[in-house]
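The values are calculated or read from the model by the stated rules, or taken from the named source; none is laboratory data. As the structure is a computational prediction, the values presented were derived from the model and not from experiment. For neighbour counting, all protein chains shown are included, and Cβ atoms are generated from backbone atoms with ideal geometry for every residue, glycine included. Accessible surface is based on the protein model in full, side chains and every heavy atom, while ligands, DNA and RNA are left aside. Shrake-Rupley method; radii C 1.70, N 1.55, O 1.52, S 1.80 Å.
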Amino acid sequence: MSLLVKVCGMTSAEDAAMCEEQGVDFLGFIFHPSSPRNVDTDFARSIKPASAKKVGVFVKQSAAQVIETLKNGDLDFAQLHGGQNEEFCKTVGRERVIKVFWPQKYDSVKELQAEIDRFAPHCTYMLFDAGKSGGGHGVSMEFDVFKDVTIPVPWLLAGGLSADNLKEALDTAKPYGVDLNSGVESEPGRKDKDKLREALAVITQ
């Protein structure tokens, strides 16, 4: 696959295996109690993909808790989905950080660009999600904003992506990769093989 593909919200070994069989690059594990896709470190550690990288998604944990969860869950990356600052990223380690942004949160493209520039030295990947906070709500965003910003690190596009809107998203935003979740599910936390296959077909066409 030319684009990186992450599928977030792993809750079963079967889904993780199915995603890897389909060639997915990143498997996401959510550590947020209020999420229907919340898991624990024992589950994350039990998933041993052959090549896909494992990503922990964090919202309210301290940097120390994130580091401990990365270790105990045998995770490769920390996706920082809250208001974590540059110091937080430094503590976790730039090489392990995927920093999340919500373009709709900013009053102007200039403000969004300033945030991108502020965090670029402190993360390996960036991820841009729909809405103004949180994630996994299945809402998509306006993709035109990406024509007006410069993103100096590899980045993933998220937010309600499915076979229905992926072509528009890819053509307009031109991301380095995509993050799939609710758009490839039959219900929260249960991935749908056919929906995932359809989405990947759009990505590879």
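Scanning the stretch 143-158 for residues that are outside any helix (DSSP H, G or I), free of Cβ contacts under 8 Å to residues at least 40 places away in the same chain and open to solvent by 10 Å² or more (accessible area, probe 1.4 Å) yields Asp148, Thr150, Ile151, Pro152, Val153, Trp155.
Residue check: is Lys54 on the phi < 0 side of the Ramachandran plot and open to solvent by 50 Å² or more (accessible area, probe 1.4 Å)? Before the answer, list the steps.
Details: on the phi < 0 side of the Ramachandran plot: yes; open to solvent by 50 Å² or more (accessible area, probe 1.4 Å): no.
Criteria not met by Lys54.
Every condition in (1) more than 23 Å from Ser186 (Cβ to Cβ); (2) outside any strand (DSSP E or B); (3) of a type outside the set (Gly, Ala, Ser) holds for Val24 except the one numbered (1). Scanning the stretch 9-25 for residues that are open to solvent by 10 Å² or more (accessible area, probe 1.4 Å) and hydrophobic (A, V, I, L, M, F, W, C) gives Ala13, Ala17, Met18.
Do you know which of the residues in the stretch 167-205 that are under 15 Å from the mean Cα position of the chain (by Cα) and of a type in the set (A, V, I, L, M, F, W, C) is surrounded by the fewest Cβ atoms within 10 Å (Cβ to Cβ)? Checking each candidate, the answer is Val178.
I'm trying to understand the selection: among the residues of the stretch 68-87, which are open to solvent by 40 Å² or more (accessible area, probe 1.4 Å) and either within 22 Å of Val7 (Cα to Cα) or touching a residue at least 40 places away in the same chain (Cβ under 8 Å) (or both)?
First, the residues of the stretch 68-87 that are open to solvent by 40 Å² or more (accessible area, probe 1.4 Å): 68, 71-72, 74, 76, 83, 85-87.
Of everything in the stretch 68-87, those that are open to solvent by 40 Å² or more (accessible area, probe 1.4 Å) and either within 22 Å of Val7 (Cα to Cα) or touching a residue at least 40 places away in the same chain (Cβ under 8 Å) (or both) turn out to be Lys71, Asn72, Asp74, Asp76.
Scan the stretch 84-103 for residues that are closer than 22 Å to Asp74 by Cβ and either modelled with pLDDT under 95 or more than 15 Å from the chain's Cα centre (by Cα) (or both) and the total you get is 8.
Report, by residue number, each residue of the stretch 32-61 that is closer than 15 Å to Val97 by Cβ and not charged (D, E, K, R).
Of the stretch 32-61, the ones closer than 15 Å to Val97 by Cβ are 53-59, 61.
Those that are closer than 15 Å to Val97 by Cβ and not charged (D, E, K, R): Val55, Gly56, Val57, Phe58, Val59, Gln61.
For the stretch 154-205, the set of residues classified as of a type in the set (S, T, N, Q) and touching a Phe, Trp or Tyr at 6+ places or on another chain (Cβ under 6 Å) consists of Thr172 only.
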